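Asks: Below is a structure I'd like to ask you about.
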Amino acid sequence: MHALKREGRDTLIPAKDPGGEERSRLLAVVLAGAWRTSPPPLTMSLAELGQVTPLLLSNGTGGLGWWRIRGSDLGDSESGKLLQQAYRLHTLVAAMREQQIVKAVTQIRAAGVEPILAKGWTVGRLYPERGLRPYGDIDLYVSPNDFGTAMAALKAPEGKALPVDLHRGCPDLGLRSLEPLLIRSQLVDLQGIAIRVLAPEDQLRLLCRHLLKHGARRALLLCDIAATLECQPEGFDWEYFDYASKRNRDRVWCVLGLAHQILEARLGDCPFLAKCEKRPRWLIPAVWSAWEAGILRVKGRIIDYLWRPWGLPEAIRSRWPNPIEGTYRSGGQFLNELPRFPFQLGGFLYRFMMFTSFFPSLMLRAVQSAFQNQRSNINPAPGIGPPADA
Amino acid sequence: MDRMVIQELSDETLVYDLERNRALCLNRTSALVWRYCDGRTSFEQVESVLERELELPDGEEAVWIALRQLQRNHLLRDGLNVPETAKHYTRRVFLTKMARVGAAVMVPMIISIVAPTAAHAATCINVPCRGKGQGGRGSGDGRNGGFCPEGSVPGQACGPPDCTCVCKKAGAILRCTP
């Protein structure tokens, strides 16, 4: 059983465990079909459920785990109770998020900007219940020209404290302009408000690339792909989906193939089944490792290591891309059996280049915050400090 | 209520108190009583609703217990005046009474919902203790401190015959201890 160990002062990294791949396989067993209204019954021992529960929780799939075992003996176990708590919490948070979405969209529209909502709620509505698909923030996409106006609207008192992740264009789909997506977007109802969402084909493309960008670390993202595949509307344009994916075509089909192979997602009337079946031998083991490793929560900014250079090797290690993320970020080919290390190195160097392009502004912010800390030590706030007669 | 987010599920009601940053889960009985705390429904009406819908033999006791729990969890707007005749009603005694007639699940209950973490779940493994007879380690997965298997009793052995571990109560959980 793996434990979380503290590496240095700032990071928590899962310790390696020889049973890691086995646990990831168990995770896949639990999640297979879990997004359906009536998922298939789960055959698993109590011990196995206990082993996989930490992964279910760390991957954001606690609610789905509960959905799979509810009503069975496994649901009454200690693990089942933990998963049920996760489900309950996700349900409440999802309800709050819906209210926040309505507020955020109303706020931005009042400023004359039309946003597109993607990921999060737009995928969550494909699941049988809102508590099955947790999301931490609200992804809104606006045209680059409207970004400043939208940001100002969200900074107004009514828009503050809304967990909005505002995107300029749609870089995740390689689009600077939002026009191609706006033309195909649709309006759906949320609490009486019409919310603009991506067309199903664009949503699926976005989800695939989002999963690759994050190295497939969260099993929940693969469940999203599976749920989207099985809930696609009539007339889903597979030709457009294939064409629009362009140079990411092979990667995107690999992801659909993963959802089918690992989570038993049904591909329906997809005319490109042969493309889904093509995948390199390294890919599935990479997914098992990614799930076991989970999301690496790195505290502290890389720029802070300028003052703590002894922590730099650890900082690099915790940011090292896995084979999937490395191949995606470096623009490498997925459908070959070449070793992944060069692509991981390429992916890391890509991130480093992005960091250096922001280096001047990051340095300025670091110096400003260090200066502010220094000033507060010299000049304590009124009321703090020894009494006048001490 | 503006300061609350409420979600009704099939057999429980979830409440998030935005003011206190607390998530609560009301079972069916508590949720039903809360639903009728609308300033218009009398105590006797609530009592008869419980007796009718939940087939509770004693609605009065259940309503008072539920009201006290609701007040304790800040789910009632106004204060609660509990009459002398109802002050002796306790959830524990009511639970014993209801358990005898197989209606324990109807006892009003409000629990806090706490986010379970992967670290917390890592010690919850639902496997029998391996104990000293198998590798000389403590419990469950070969490490000390695993959860006792289902059905374990505090103070008693919690594993197979060759296991020397004992189930010890640590707070609200039972730990397999060498």
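The values are calculated or read from the model by the stated rules, or taken from the named source; none is laboratory data. Quantities reported herein were computed from a predicted structural model and do not represent experimental measurements. Glycine gets a Cβ as well: all are built from the backbone with ideal geometry, and neighbour counts include every protein chain shown.
Asks: Those residues that are of a type in the set (Val, Ile, Thr) and part of a helix (DSSP H, G or I), I need them from the stretch A:84-114; list them, please. Quick ask: steps written out before the conclusion?
Replies: The first filter runs over the stretch A:84-114 and keeps only residues of a type in the set (Val, Ile, Thr), leaving A:91, A:93, A:101-102, A:105-106, A:108, A:113.
Those that are of a type in the set (Val, Ile, Thr) and part of a helix (DSSP H, G or I): A:91, A:93, A:101, A:102, A:105, A:106, A:108.
Asks: Shifting gears a bit: (1) surrounded by 22 or more Cβ atoms within 10 Å (Cβ to Cβ); (2) more than 11 Å from chain A (Cβ to nearest Cβ): which one isn't true of residue B:71, the others all being true?
Replies: (1)
Asks: Could you identify the single residue in A:268, A:331 that is within 30 Å of residue A:32 (Cβ to Cβ), modelled with pLDDT under 90 and of a type in the set (Gly, Ala, Ser)?
Replies: Numbers: A:331 fails: within 30 Å of residue A:32 (Cβ to Cβ).
Checking each option against the conditions leaves just A:268.
Asks: Only one residue in A:114, A:21 is out of contact with any Pro (no Cβ under 6 Å at 6 or more places or on another chain), away from chain B (no Cβ under 14 Å), within 30 Å of residue A:145 (Cβ to Cβ) and among the acidic types (Asp, Glu), so which one is that?
Replies: Working: A:21 fails: within 30 Å of residue A:145 (Cβ to Cβ).
One residue alone meets the criteria, A:114.
Asks: Among the residues of the stretch A:176-199, write down those that are in contact with a Leu (Cβ under 7 Å, 6 or more places away or on another chain) and in a strand (DSSP E or B). Let's see the steps before the verdict.
Replies: Keep residues of the stretch A:176-199 that are in contact with a Leu (Cβ under 7 Å, 6 or more places away or on another chain), which gives A:181, A:185, A:194-198.
Once the filter is applied, which keeps residues that are in contact with a Leu (Cβ under 7 Å, 6 or more places away or on another chain) and in a strand (DSSP E or B), the stretch A:176-199 yields A:194, A:195, A:196, A:197.
Asks: Hey, any hits in the stretch B:22-42 for a residue that's within 14 Å of chain A (Cβ to nearest Cβ) and surrounded by fewer than 18 Cβ atoms within 10 Å (Cβ to Cβ)?
Replies: Just the residues of the stretch B:22-42 that are within 14 Å of chain A (Cβ to nearest Cβ), to begin with: B:22-27, B:31.
Pick out the ones that are also surrounded by fewer than 18 Cβ atoms within 10 Å (Cβ to Cβ) and you get B:22.
Yes, the stretch B:22-42 has at least one match.
Asks: Can you name the condition, by its number, that residue A:56 falls short on among (1) hydrophobic (A, V, I, L, M, F, W, C); (2) modelled with pLDDT of 95 or more; (3) in contact with a helix residue (DSSP H, G or I) (Cβ under 8 Å, 6 or more places away or on another chain)?
Replies: Tallying (1) hydrophobic (A, V, I, L, M, F, W, C); (2) modelled with pLDDT of 95 or more; (3) in contact with a helix residue (DSSP H, G or I) (Cβ under 8 Å, 6 or more places away or on another chain), residue A:56 fails exactly one: (2).
Asks: Now for a different question. I need the full set of residues from the stretch A:205-218 which are more than 25 Å from residue A:113 (Cβ to Cβ) and either charged (D, E, K, R) or without any contact (Cβ under 8 Å) to a residue 40 or more places away in the chain (or both), in order please. Before you say what the answer is, go through the steps one by one.
Replies: Applying the first criterion (more than 25 Å from residue A:113 (Cβ to Cβ)) to the stretch A:205-218 yields A:208, A:211-218.
Listed by number, the residues that qualify are A:213, A:217, A:218.
Asks: Does residue A:37 count as under 21 Å from residue A:91 (Cβ atoms), touching a residue at least 24 places away in the same chain (Cβ under 8 Å) and either assigned to a helix (DSSP H, G or I) or not hydroxyl-bearing (Ser, Thr, Tyr) (or both)?
Replies: no
Asks: Is the stretch B:6-29 home to any residue that is in a helix (DSSP H, G or I) and in contact (Cβ under 8 Å) with a residue 40 or more places away in the chain? Steps first, answer last, please.
Replies: Step one: of the stretch B:6-29, the residues in a helix (DSSP H, G or I) are B:28-29.
Now restrict to residues that are in contact (Cβ under 8 Å) with a residue 40 or more places away in the chain: B:28-29.
For the stretch B:6-29, residues in a helix (DSSP H, G or I) and in contact (Cβ under 8 Å) with a residue 40 or more places away in the chain: present.
Asks: Would you say residue A:50 is within 22 Å of residue B:114 (Cα to Cα) and among the small types (Gly, Ala, Ser)?
Replies: Working: within 22 Å of residue B:114 (Cα to Cα): yes; among the small types (Gly, Ala, Ser): yes.
So residue A:50 passes the test.
Asks: Also, I was wondering about something else. Does residue B:75 count as at pLDDT 90 or above, of a type in the set (A, V, I, L, M) and under 13 Å from residue B:107 (Cα atoms)?
Replies: No.
Asks: Output the number of the condition that residue A:207 fails; it satisfies all remaining conditions of (1) in contact with a strand residue (DSSP E or B) (Cβ under 8 Å, 6 or more places away or on another chain); (2) modelled with pLDDT of 95 or more.
Replies: (1)
Asks: Could I ask something else about it? Name every residue in the stretch A:81-90 that is within 12 Å of residue A:67 (Cα to Cα) and either in contact (Cβ under 8 Å) with a residue 60 or more places away in the chain or within 7 Å of chain B (Cβ to nearest Cβ) (or both), in order of residue number.
Replies: Those that are within 12 Å of residue A:67 (Cα to Cα) and either in contact (Cβ under 8 Å) with a residue 60 or more places away in the chain or within 7 Å of chain B (Cβ to nearest Cβ) (or both): A:85, A:86, A:88.
Asks: Right, something else. Of all residues in the stretch B:73-97, which are part of a helix (DSSP H, G or I) and either without any contact (Cβ under 8 Å) to a residue 24 or more places away in the chain or touching a Gly at 6+ places or on another chain (Cβ under 6 Å) (or both)?
Replies: So in the stretch B:73-97, the residues part of a helix (DSSP H, G or I) come out as B:84-86, B:91-97.
Once the filter is applied, which keeps residues that are part of a helix (DSSP H, G or I) and either without any contact (Cβ under 8 Å) to a residue 24 or more places away in the chain or touching a Gly at 6+ places or on another chain (Cβ under 6 Å) (or both), the stretch B:73-97 yields B:84, B:85, B:92, B:93, B:95, B:96.
Asks: Counting just the residues of the stretch A:66-80 that are more than 10 Å from chain B (Cβ to nearest Cβ) and assigned to a helix (DSSP H, G or I), which one comes out farthest from the chain's Cα centre (by Cα)? Even if it seems obvious, please write down each step before you answer.
Replies: Of the stretch A:66-80, the ones more than 10 Å from chain B (Cβ to nearest Cβ) are A:66-72, A:75.
Subset that is assigned to a helix (DSSP H, G or I): A:66-69, A:75.
Details: A:66: 20, A:67: 21, A:68: 22, A:69: 24, A:75: 27 Å.
Within the stretch A:66-80, the match that is farthest from the chain's Cα centre (by Cα) is A:75.
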